[in-house]
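Novice: Can you read through this structure? Questions will come right after.
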Amino acid sequence: MPNHLIHENSPYLLQHAENPVDWYPWNAEALQKARDEDKPIFLSIGYAACHWCHVMAHESFEDPVTAAFMNDHFVNIKVDREERPDLDGIYMSAVVAITGQGGWPMSVFLTADGQPFFGGTYFPPVRRYNLSSFRELLEAVARLWRMTARVCCVQPRRS
């Protein structure tokens, strides 16, 4: 079943329109969904000729178990860097600031207002290359998001 990328013009985005990940293009609807559901955004930026973009798509975004977790815990947005160099520049600067390096695929976790709080590039499906697996990363971010939501919303007792 196609996701929200099915009506896009970008060949790169259309390559992901049949993924089990419920991808959204970058738009107001996706950002509002993150606010309404109090979910972090997983932003994936890549381009059609990017080898590692296709590797990560095959290893993770086409995996039904990983996709189900992503769909349950995140609003997932896919961006073609060639179509949106403005977003690519903003979030590449953030990833470089966070990790000291950048590249594609770019994987960034955002608040509903688009503020990045963690990011990187390619994450493998299992631990390797001195990296956590993509699923471990997703699980950690989802757990921390829930913990932060509980902590920030607890009201102090009044005496």
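The values are calculated or read from the model by the stated rules, or taken from the named source; none is laboratory data. A quick note: this is a predicted structure, and the numbers were derived from the prediction, not measured. Glycine also receives a Cβ, built like all others from the backbone with ideal geometry; neighbour counts cover every protein chain displayed. These accessible areas exclude ligands, DNA and RNA; they are computed on the full protein's heavy atoms, side chains included. Shrake-Rupley method; radii C 1.70, N 1.55, O 1.52, S 1.80 Å.
Novice: Consider N76 against the criteria (1) farther than 23 Å from R135 by Cβ; (2) surrounded by 20 or more Cβ atoms within 10 Å (Cβ to Cβ); (3) in contact with an Asp or Glu (Cβ under 7 Å, 6 or more places away or on another chain): it satisfies all of them except one. Which criterion is unmet?
Specialist: The failed condition is (1).
Novice: Against the condition farther than 23 Å from S133 by Cβ and touching a Phe, Trp or Tyr at 6+ places or on another chain (Cβ under 7 Å), how does L87 come out, does it pass? Before you say what the answer is, go through the steps one by one.
Specialist: Numbers: farther than 23 Å from S133 by Cβ: yes; touching a Phe, Trp or Tyr at 6+ places or on another chain (Cβ under 7 Å): yes.
The answer is yes for L87.
Novice: Looking only at the range 56-82, count every residue that is β-branched (V, I, T) and outside any strand (DSSP E or B) and tell me the total. Before the answer, list the steps.
Specialist: Initial filter on the range 56-82 (β-branched (V, I, T)): 65-66, 75, 77, 79.
Restricting the remaining residues to those that are outside any strand (DSSP E or B) gives 65-66.
Matching residues across the range 56-82 total 2.
Novice: Could you please find all residues in the range 83-114 being within 10 Å of the chain's Cα centre (by Cα) and either among the hydroxyl-bearing types (S, T, Y) or part of a helix (DSSP H, G or I) (or both)? Quick ask: steps written out before the conclusion?
Specialist: Restricting attention to the range 83-114, the residues satisfying the condition of being within 10 Å of the chain's Cα centre (by Cα) are 106-110.
Hit for the range 83-114 is S107, nothing else.
Novice: In the range 26-55, what residues are part of a loop (DSSP other than H, G, I, E, B) and either open to solvent by 10 Å² or more (accessible area, probe 1.4 Å) or over 16 Å from E82 (Cα atoms) (or both)?
Specialist: Within the range 26-55, the subset part of a loop (DSSP other than H, G, I, E, B) is 26-27, 38-40, 47-50.
Answer for the range 26-55, where residues must be part of a loop (DSSP other than H, G, I, E, B) and either open to solvent by 10 Å² or more (accessible area, probe 1.4 Å) or over 16 Å from E82 (Cα atoms) (or both): W26, N27, D38, K39, P40, Y47, A48, A49.
Novice: What's the number of the condition E8 fails, among (1) open to solvent by less than 10 Å² (accessible area, probe 1.4 Å); (2) assigned to a loop (DSSP other than H, G, I, E, B)?
Specialist: (1)
Novice: Inspect the range 131-147 for any residue being open to solvent by 60 Å² or more (accessible area, probe 1.4 Å) and either part of a loop (DSSP other than H, G, I, E, B) or of a type in the set (S, T, Y) (or both) and give the result as yes or no.
Specialist: Taking every residue of the range 131-147 in turn, none turns out to be open to solvent by 60 Å² or more (accessible area, probe 1.4 Å) and either part of a loop (DSSP other than H, G, I, E, B) or of a type in the set (S, T, Y) (or both).
Novice: Can you tell which of A68, A94, A112 is in contact (Cβ under 8 Å) with a residue 24 or more places away in the chain, open to solvent by 10 Å² or more (accessible area, probe 1.4 Å), among the hydrophobic types (A, V, I, L, M, F, W, C) and more than 17 Å from L138 (Cα to Cα)?
Specialist: On the way: A68 fails: more than 17 Å from L138 (Cα to Cα); A112 fails: more than 17 Å from L138 (Cα to Cα).
Result: A94 is the single residue among A68, A94, A112 that is in contact (Cβ under 8 Å) with a residue 24 or more places away in the chain, open to solvent by 10 Å² or more (accessible area, probe 1.4 Å), among the hydrophobic types (A, V, I, L, M, F, W, C) and more than 17 Å from L138 (Cα to Cα).
Novice: Let me ask something else. I'd like the residue in the range 115-130 that is assigned to a loop (DSSP other than H, G, I, E, B) and in contact (Cβ under 8 Å) with a residue 24 or more places away in the chain and, out of all such residues, is nearest to A67 (Cα to Cα).
Specialist: We begin by selecting, within the range 115-130, every residue assigned to a loop (DSSP other than H, G, I, E, B); these are 115, 121-127, 129-130.
Filter once more, so that each one left must be in contact (Cβ under 8 Å) with a residue 24 or more places away in the chain: 121-125.
Working: T121: 18, Y122: 16, F123: 14, P124: 14, P125: 12 Å.
Once the filter is applied, the top-ranked residue is P125.
Novice: Only residues in the range 8-33 that are small (G, A, S) count as the first member; pair them with residues that are at pLDDT below 95 and not in a loop (DSSP other than H, G, I, E, B), Cβ under 8 angstrom, at least 6 apart or cross-chain, and list the lot.
Specialist: Partner pairs satisfying both residue conditions: none exist.
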